[in-house]
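Contents: one structure, followed by commentary.
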Amino acid sequence: MTDDKDVLRDVWFGRIPTCFTLYQDEITEREAEPYYLLLPRVSYLTLVTDKVKKHFQKVMRQEDISEIWFEYEGTPLKWHYPIGLLFDLLASSSALPWNITVHFKSFPEKDLLHCPSKDVIEAHFMSCMKEADALKHKSQVINEMQKKDHKQLWMGLQNDRFDQFWAINRKLMEYPAEENGFRYIPFRIYQTTTERPFIQKLFRPVAADGQLHTLGDLLKEVCPSAIAPEDGEKKNQVMIHGIEPMLETPLQWLSEHLSYPDNFLHISIIPQPTD
């Protein structure tokens, strides 16, 4: 892979200032102060909120506490989506800090998966990585790794260790020199305006004539409504990690540098802010 290590670092160390507030109907023994935290964009809510949980449990009785879940402006937050994706999709046009409401009751079974332990997050994360490598290398790279390598990827994410994670992850970002890129690009496109959770299709980084496919090529094929007609006004923002990459950017480069740790490009299509 091309060595734009600064880009990888900037992506890894992206943070979202967040204010957690306890839901007003939760029963407490004394007033619950809000809790402020810089959330890592590349991680998962249930992986980085132990301190939030402890903070609010201090003012609650044990019998009033069941599984913790989070909500933003009425929308339950899916813990199995990376934090940066949740923010881009739901809150990117709002002022900071991001205001998240904390619940310990009335778990929304229809909207959220249960997350009883860190093992569940690890299983989800590794399953995504394996799916991504099946697309990129027919699973050859991830299957040739030892169990300790898989563990190092997970521990690197869990403990926020960039070098520990990338020492192994860089192998997943390599490809044979004669091929110009991965077999297929692991991506998911999310929109708040549809019921469908995301769009995911097979898409090659290189065209039959050897030209590199761009982000614009991908969107034209799988989500044409995201792109403004040449003479029309821009109706949507196409966001990855809180930025709008140029549509001319090669998809292979994006996959190597702006994928989340699960090795997927998580792309948000959000309505253009009107202000």
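Separation of the range 114-128 from the range 233-247 is 30 Å, based on Cα centroids. In the full protein context, the chain carries 52 Å² of accessible surface per residue, based on a 1.4 Å probe and ignoring ligands, DNA and RNA. Surface composition of the chain: carbon and sulfur atoms hold 49% of the protein heavy-atom accessible area at a 1.4 Å probe.
Summing Lys and Arg as +1 and Asp and Glu as -1 over all other residues whose Cβ lies under 12 Å from the Cβ of residue 159 gives a net charge of +1.
Peptides 92-102, 200-210, ordered by how many other C-beta atoms sit within 10 Å of their residues on average, highest first, read 92-102, 200-210. Roughly how tilted is helix 118-137, in degrees to the nearest 10 and between 0 and 90, from the longest Cα axis of the chain? The helix 118-137 is inclined about 10 degrees to the chain.
Label-to-label distance for residue 204 and residue 53 is 4.6 nm, based on points extended 7 Å past Cα in the beta-carbon direction. Can you give the FRET efficiency for residue 212 and residue 244, using 1/(1 + (r/R0)^6), R0 = 22 Å, r = Cβ-Cβ distance, to the nearest 0.05? Efficiency, rounded to the nearest 0.05: 0.65. Each peptide in 236-246, 145-155 gets a packing score, the mean of other Cβ atoms within 10 Å over its residues, and the list from highest to lowest is 236-246, 145-155. Pairs over the 27 Å Cα-Cα cut-off, from the set 201/234; 5/118; 5/151; 105/147: 5/118; 105/147. Residue ranges 247-255, 39-47 sort as 39-47, 247-255 when ordered by packing (mean number of other C-beta atoms within 10 Å per residue, highest first). Consider a paramagnetic label point 7 Å from the Cα of residue 63 along Cα→Cβ; state which residues of the range 72-104 have an amide N under 20 Å from it. It comes to 104, nothing else. Placing a pseudo-label 7 Å from each Cα along the Cα-to-Cβ vector at residue 167 and residue 143 gives an inter-label distance of 2.7 nm. In this structure, the amide hydrogen of residue 98, modeled 1.01 Å from its nitrogen in the peptide plane, lies closer than 5 angstrom to those of 18, 19, counting only residues at least 5 positions away or on a different chain. Simple spin-label estimate for residue 31 and residue 96 gives 2.7 nm between the two label positions (7 Å along the Cα-to-Cβ direction from each Cα).
Relative contact order of the range 118-173: 27 percent, from C-alpha pairs under 8 Å at least 6 residues apart in sequence.
The values are calculated or read from the model by the stated rules, or taken from the named source; none is laboratory data. Computed from a prediction, not measured in an experiment: that's the story for all the values here. Here the Cβ is made from the backbone with ideal geometry for all residues, glycine too, and neighbour counts use every protein chain on show. Just the protein is used for accessible areas: all its heavy atoms, side chains included, with ligands, DNA and RNA removed. Shrake-Rupley method; radii C 1.70, N 1.55, O 1.52, S 1.80 Å.
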